[in-house]
Amino acid sequence: MSYLTIINFNNPDEFVYSKPKIEVTTSAVLKQNGGLYWTDDPLIFPINKIRADSITMFFQAGIIPPLTEIRYLMVVNDIYQWYNVATMEWEESDGTVSKSNTFAELQANISSLDLGESSYVTVGAILRSTDGTATPQLFYVGIGTGFTPDDNTLPASCLITGYIMDSNSRVVEGADIRIYPERSDVLSARNYLISDRQIRTRSNAQGYFSMTVLPSSKYDTRVRYWIEIEKPGTQLYYRKRVIVPQAASAQFRSLEEA
């Protein structure tokens, strides 16, 4: 899938930059120092990253007067990278002008930046004033990316079934049956957050009940469930900690105790 991200340089809380050398208000600009603009080429880059498999385009919007320049480098998984025109390779950068790219260089070569299967990327900008008499203004940059999301197919669940009866072999209608995971701060293998939501049902006129539950093995850490059963109008109470198997269905009485 293709995405376009616009990074607006208008909120100081969203960027890491050299203070007081750069000022972010309606744009990123050099700040004056004793009547002159800074000439030591400070760097600014966003705090937030973009998850991407590839980069397809890059563009900028700003004002670049004579004797000023905006140069760029890419930030990939928190490592600076620049395109070395001499070697025609992407290489690690030290964040300086000598290892950064002009807009034209970056625009022409950004699609060749290898991000592997997936990386977190953003762009850093170096604001230059060669003689301190003017400053460039950077309003925004746009980055086109390609990204294939994680597999979000819902994991298969297990249907738990059972019957409730009392010691006189009479079916119990309306028994309150509850099941919930012992832990809630785990992720499934498919990047789903598993909440501690309680699943609740009641037995019918035949004493039968059913509940659909994720198997314990679908969690990153094998999770145990608590099952609680309460007979209506009495103090009869049952509690059991179980493992829910990776199966289409399972009978309540066959659940492994944990």
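The values are calculated or read from the model by the stated rules, or taken from the named source; none is laboratory data. In this text the structure is predicted, and so the values were computed from the model without any measurement. Backbone-built Cβ (ideal geometry, glycine too); neighbour counts: all protein chains shown.
General observations
- Residue in region 85-92 that is in the same structural domain as Ile6 (by TED's automatic domain parsing), surrounded by 13 or more Cβ atoms within 10 Å (Cβ to Cβ), under 14 Å from Pro136 (Cβ atoms) and under 31 Å from the mean Cα position of the chain (by Cα) present: no
- Options Tyr163, Tyr180: the member that is at pLDDT 90 or above and surrounded by 16 or more Cβ atoms within 10 Å (Cβ to Cβ): Tyr163
- Residue in region 217-227 that is among the polar types (S, T, N, Q), over 16 Å from Ala156 (Cβ atoms) and at pLDDT 85 or above present: no
- Only one entry of Asp41, Asp53 meets the criterion of being in contact (Cβ under 8 Å) with a residue 60 or more places away in the chain and on the phi > 0 side of the Ramachandran plot, and that entry is Asp41.
- Per-region count, region 242-258, residues closer than 18 Å to Ile164 by Cα, touching a residue at least 40 places away in the same chain (Cβ under 8 Å) and either touching a His at 6+ places or on another chain (Cβ under 9 Å) or not in a strand (DSSP E or B) (or both): 3
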